[in-house]
Amino acid sequence: LIRKHRPLHVSIVGGEPLVRFRELNALLPRLAAMGIYTQVVTSAVRPIPLEWASIPRLKLVVSIDGLQPEHDARRKPATYDRILGLARFPNLYVKVSGEYAFSKQPYPYADMRPMVARAYQAFGPRRLILTGAGDRAFSCGRGRRLTAGGPRDRGPGGLPARGRSADC
């Protein structure tokens, strides 16, 4: 299919892709050699092979869902601390989601700020993705400005919403 359709990008998601890590070990370098950009979205319940850090055009995305105690209980052994340790992979991004569902406080989910701050400190602005706050998504682009979209004035953790931006 890849040879026939020549996509620019392939995303491997759903379930837990690392369950098939042996197949991915063979497939990911082949996709890179074909010039295909590839993204693997995982909860990192299995260790990510170190050699994946050097595969060109590969982006890994690991999800953090909610506050640390709940995330760790749901995703063990992919604990919050283990995920933060993956920052050593230069091609790994972390996605923080579900503030509206996991926060024990109402919007703007102040109890989520320390968790988001730790992820930001470990991964920096270019490898942190904030999603799942209702209808807003945040990311830092090439210009190192944080942009956001949504109807409210402020997003999770006090980040700017639609029409607003801030330095990353």
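For this structure, a couple of remarks:
- The Cα-based radius of gyration of the range 1-63, divided by its Kirkwood radius, gives an Rg/Rh of 0.94.
- For the range 14-130, the calculated P(r), taken from all Cα-Cα distances in 5 Å bins from zero up to the bin holding the longest distance, is 2, 12, 22, 23, 18, 12, 7, 4, 2, 0 percent.
- Taken one residue at a time, the phi angles of the range 9-25 give Karplus couplings (6.51, -1.76, 1.60, θ = phi - 60°) of 8, 10, 10, 10, 9, x, x, 9, x, 5, 4, 9, 4, 5, 5, 5, 4 Hz. Gly and Pro are set to x.
- Annotation: amide H of I55 has no partner in the under-5 Å range at sequence separation 5 or more or interchain, hydrogens built in the peptide plane.
- Loop-resident trypsin sites (Lys or Arg not before Pro) (DSSP state other than H, G, I, E or B) in the range 97-130 with no more than 14 further Cβ atoms inside 10 Å of their Cβ: K104.
- In sequence order, calculated HN-Hα J values of the range 102-116 (Karplus, 6.51, -1.76, 1.60; Hz; x Gly/Pro): 9, 5, 8, 10, x, 3, x, 6, 4, 5, 8, 4, x, 5, 5
- Environment charge at G35 (Cβ cut-off 13 Å; Lys +1, Arg +1, Asp -1, Glu -1): +4
- Here's the list of lysines a cross-link from K4 could span, going by alpha-carbon distance under 29 Å and ignoring same-chain residues fewer than 8 apart: K59.
- Sequence of L8, L92 when ordered by accessible area, the most exposed leading, probe 1.4 angstrom: L8, L92
- For L130, nonlocal amide neighbours, meaning residues 5 or more places apart or on other chains whose placed amide H falls under 5 Å from its own, are V96, F138.
- Charge dipole of the range 65-104 about the Cα centre (unit charges at C-beta), most positive-ward option of Y100, A87, H71: A87
- Area accessible to solvent at E23, 1.4 Å probe radius, in Å²: 90
The values are calculated or read from the model by the stated rules, or taken from the named source; none is laboratory data. Just so we're clear, the structure is a prediction, and the values are computed from it rather than from any experiment. Note that each Cβ is placed from the backbone with ideal geometry, even for glycine, and that neighbours are counted across all protein chains shown. Heads up: the accessible areas ignore ligands, DNA and RNA and are worked out on the full protein's heavy atoms, side chains in. Shrake-Rupley method; radii C 1.70, N 1.55, O 1.52, S 1.80 Å.
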